[in-house]
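Colleague: Just passing along the structure, written as structure tokens.
The values are calculated or read from the model by the stated rules, or taken from the named source; none is laboratory data. The structure displayed is predicted, hence computed values, not measured ones. In this analysis, Cβ positions are derived from the backbone assuming ideal geometry, glycine residues included, and neighbour counts consider all displayed protein chains. These area figures cover heavy atoms from the full protein model, side chains too; ligands, DNA and RNA do not enter into them. Shrake-Rupley method; radii C 1.70, N 1.55, O 1.52, S 1.80 Å.
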Amino acid sequence: MSAAKNTKATAFEGFSEEERAAMKDHAQELKKAARRGSKQVDLEPDVLAKIAEMEGPDRELAERIHAIVKANAPELTPKLWYGMPAYAKDGKVLCFFQPAMKFKARYATLGFNDVANLDDGTMWPVAYALTDLGPEEEARIAALMKKAVAEPA
């Protein structure tokens, strides 16, 4: 019989600190939702508070995205999703804003989930890198939001 090897368990390093923080945010969001039960609660103040916590370009982009969503897809419900501003249709997250600083990325992201009606043939984009928003980008996002919430043809 061989002697037992002296091995130390190594820590799992599969998730970054930022990813673990996002998962904790999501766990808190789920706990809050469970406490509310079936009661409809306006979560826009939570979204606005999260945006207010952001700094610099992330905050400016998030504020403008929020305004574009509210103006062009008022039927969407603001909520937090993994600690990020998100907008839901029938309780399912349709789109979200991921600040660059959340995952120490080079750019912020406007992402869409499969609830969004953005289908265009057999392949289409569902995430957009954002570094600044001018009138052209705002118009493009407004059109995307209108298409995303439209009923499939």
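Colleague: Tell me, yes or no, whether segment 52-59 has at least one residue that is open to solvent by less than 50 Å² (accessible area, probe 1.4 Å), modelled with pLDDT of 95 or more and at positive phi.
Modeller: yes
Colleague: Another question about this same structure. Given (1) surrounded by fewer than 20 Cβ atoms within 10 Å (Cβ to Cβ); (2) in contact with a Ser or Thr (Cβ under 7 Å, 6 or more places away or on another chain), where does Leu130 come up short, assuming only one miss?
Modeller: Leu130 satisfies all of (1) surrounded by fewer than 20 Cβ atoms within 10 Å (Cβ to Cβ); (2) in contact with a Ser or Thr (Cβ under 7 Å, 6 or more places away or on another chain) except (1).
Colleague: In segment 103-125, which residues are in contact with a strand residue (DSSP E or B) (Cβ under 8 Å, 6 or more places away or on another chain) and either open to solvent by less than 40 Å² (accessible area, probe 1.4 Å) or farther than 17 Å from Asp58 by Cα (or both)?
Modeller: Ala108, Thr109, Leu110, Gly111, Phe112, Asn113, Val115, Ala116, Leu118
Colleague: Looking at segment 128-142, I want the residues that are β-branched (Val, Ile, Thr) and have a partner that is outside any helix (DSSP H, G or I) and open to solvent by less than 100 Å² (accessible area, probe 1.4 Å) with Cβ atoms under 6 Å, at least 6 apart or on another chain. Which pairs are those?
Modeller: Short answer, once both residue conditions are applied: Thr131/Tyr107.
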